[in-house]
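For reference, the structure discussed in these notes is given below.
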Amino acid sequence: NCVPVITQSGKYSAKRLKPAPAPGAVTFTLTADDIIRWRWLSGEALIVNQVDFRYDWNLADNPDFWSKRQLYTFDQGTPNSVNRYGKQPPLVIESKGIKTTQGGQTILDDRAFLVGKRFAEPPRILEVEVFYSKHIADILDPAKVTHAKIPNLKTGLRGLTNEVFEIIDLRPLFLDEGRVVLALMHTGAITLPSAPS
């Protein structure tokens, strides 16, 4: 009862499934009262325009052999991610448990599309530090941010008002106060690529 998740730091993990929120619903709102410090992140270090999937591990024949390996390159669009930023090192995703060809291919296509949607272009990431006790959040949870001093990269003006973000990474800081750093992807800034082929 889990869904695979690729975090901003490139780690592949799992998240418990929760009831789907209503369209446009958010888990919580972050305001100036909650945010201790913040910074915008961007740049080529965040681009993932190649994903290398390896699955159906065949341990009996050869422990170094994958019965299925597929490399996706997100080069759709004009100009495309590869031409604009150059090919970045592939994000490698491995699995030993997929045995059905059709089901496995569907999983590969879905995961590749999810990675491309988030990371083929430099995502606008807002990193905020909040007190851990104020917000119990999880990766993939949506959140609204309202803060008068954080620049709005869409408008070029200072101030965010109910801008919707998605939590893509969460790092606890076990200081005296107990804080957590949330990496928030600005969902309004995503350009969807074509479906993988």
Which net charge results when you count Lys and Arg as +1 and Asp and Glu as -1 among the other residues whose beta-carbon is under 11 Å from that of Ile125?
-> 0
Treating the beta-carbon of each Lys and Arg as +1 and of each Asp and Glu as -1, no other charges, what is the dipole magnitude of the stretch 123-183 about its Cα centre, to the nearest 20 debye?
-> 340
Ignoring ligands and nucleic acids, Ile36 exposes an accessible area, probe 1.4 Å, in Å² to the nearest 10, of 60
Put Ile139, Ile167 in order of accessible area, largest first, probe 1.4 Å, and you get Ile139, Ile167
Listed residue pairs exceeding 21 Å between alpha carbons, taken from Lys87/Lys117; Lys87/Lys154; Lys96/Lys117 | Lys87/Lys154; Lys96/Lys117
Count charges around Asp52 for me, please; just the other residues with Cβ under 13 Å from its Cβ, Lys/Arg as +1, Asp/Glu as -1.
-> +4
Considering only protein heavy atoms, what is the solvent-accessible area of Leu173 at a probe of 1.4 Å, reported in Å² to the nearest 10?
-> 60
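The values are calculated or read from the model by the stated rules, or taken from the named source; none is laboratory data. Keep in mind that this is a model prediction, so the values were computed, not measured. No Cβ is skipped: glycine too gets one built from the backbone with ideal geometry, and neighbour counts run over all protein chains shown. These accessible areas exclude ligands, DNA and RNA; they are computed on the full protein's heavy atoms, side chains included. Shrake-Rupley method; radii C 1.70, N 1.55, O 1.52, S 1.80 Å.
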